[in-house]
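Below are the structure tokens for one structure; questions will follow.
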Amino acid sequence: MKKGMKKTTYRSGSCEETMRLARMLGEQLKPGSVVALFGELGAGKTRFVQGLAEALQVQDVVNSPTFTLVNEYRGILPIYHIDLYRIQQEDEALDLGLDEYLYGEGVTVIEWSERIMNILPSSAWKVRITPAETETGRVIEMETPA
Ligand SMILES: Nc1ncnc2c1ncn2[C@@H]1O[C@H](COP(=O)(O)OP(=O)(O)OP(=O)(O)O)[C@@H](O)[C@H]1O
Ligand SMILES: [Mg+2]
């Protein structure tokens with residue numbers, strides 16, 4: 001783990017609880033923040049982004065950017081919501097102009113960050129969502145600035 005970051009592990013028992021954790025994180029976001037989400041299909045990454053967006057007072061509907069790969073929302077900061085599920089190679093993310101988002105003034109949130117491990121800035125906040133014992137249980141690990 002990068003120096004100056006801390007890791008915290010939470011347990012969520014419901015979709016609402018996941019969104020509450022996301023709002024808590026969302027309130028700490030600043031211009032240029034990058035949030036890298038990890039977790040399998042249906043883990044709750046998009047739900048988490050919905051919570052982040054709420055904290056930034058986004059009014060638009062937040063859904064996975066299936067066809068476009070990038071959705072932009074306007075809140076108190078611009079949010080770039082990127083879903084890399086469909087990319088095969090890291091190059092494709094760069095072709096999308098990922099750099100512009102990562103090093104821009106908005107907040108960049110990435111689903112399927114697994115796809116770009118070598119491109120991800122070391123300063124990125126990391127959130128990993130893993131299924132737990134029950135249907136709606138999740139373990140949520142966050143690596144954020146200390
Ligand atoms: N504790 C929980 N946290 C988050 N989502 C939950 C939880 N329990 C149940 N769910 C449900 O799991 C689903 C998660 O869907 P979501 O689209 O957020 O997953 P995803 O990780 O973005 O998947 P994908 O990889 O397909 O983009 C939602 O239907 C949500 O209601
Ligand atoms: Mg999703």
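Quick note: the coordinates plus some simple rules give every number you see, no bench work behind them. Small disclaimer: the values here were computed from a predicted structure and weren't measured. Positions of Cβ are backbone-derived with ideal geometry, glycine not excepted, and every protein chain shown enters the neighbour counts.
Please say if segment 59-102 is rounded, prolate or oblate, where rounded means a/c under 1.5 for a ≥ b ≥ c the square roots of the C-alpha gyration tensor eigenvalues, and otherwise the choice is prolate for a/b larger than b/c and oblate otherwise?
Details: a/c = 3.65, a/b = 1.60, b/c = 2.28.
Oblate, because a/c is 1.5 or more while a/b does not exceed b/c.
Here's a follow-up. Looking at the chain, send over the antiparallel percent of its DSSP beta bridges, to the nearest 5.
Values: 19 of 31 bridges.
The antiparallel fraction comes to roughly 60 percent.
For the chain, what is the calculated [θ] at 222 nm in deg cm²/dmol (nearest 500), taking -39500 (n - 2.57) for each run of four or more DSSP H residues and dividing by its residue count?
Value at 222 nm, helices only, nearest 500: -6500 deg cm²/dmol.
So which lysines can residue 3 reach, going by Cα to Cα under 25 Å and dropping same-chain residues fewer than 8 places off?
30, 126
Exactly which chymotrypsin sites (Phe, Trp or Tyr not before Pro) in segment 55-94 are in a DSSP loop and have at most 12 other Cβ atoms within 10 Å? Kindly include the intermediate steps, with their values, before the conclusion.
Working: sites: 67, 73, 80, 85; in loops: 67, 85.
Passing both the DSSP loop test and the Cβ count: 67.
Still on this structure, please answer the following. If you keep only loop residues by DSSP, which chymotrypsin sites (Phe, Trp or Tyr not before Pro) in segment 87-146 have at most 12 other Cβ atoms within 10 Å of their Cβ?
Here the chymotrypsin sites (Phe, Trp or Tyr not before Pro) that fit, given the DSSP loop and packing criteria, are 103.
Within segment 33-62, name every residue whose backbone N is under 14 Å away from a label modeled 7 Å from Cα of residue 15 along the Cβ vector.
42-51, 62
Taking only Cα atoms and a 10 Å spring cutoff, compute GNM fluctuations for the chain and point out the largest among 108, 134, 46.
Answer for the Gaussian network model of the chain: 134.
Restricting to DSSP loop positions (anything but H, G, I, E, B) with no more than 14 other Cβ atoms inside 10 Å of their own Cβ, which trypsin sites (Lys or Arg not before Pro) remain in segment 32-84? Mind showing how you got there, number by number?
Values: sites: 45, 47, 74; in loops: none.
For trypsin sites (Lys or Arg not before Pro) across segment 32-84 that sit outside H, G, I, E and B with at most 14 neighbouring Cβ atoms in 10 Å, the list is empty.
Continuing with this model, one more query. If I take the Cα coordinates of the chain and project them onto the principal axes, what are the three extents in Å, biggest first?
So the extents along the principal axes, rounded to whole Å, are 39, 35, 31.
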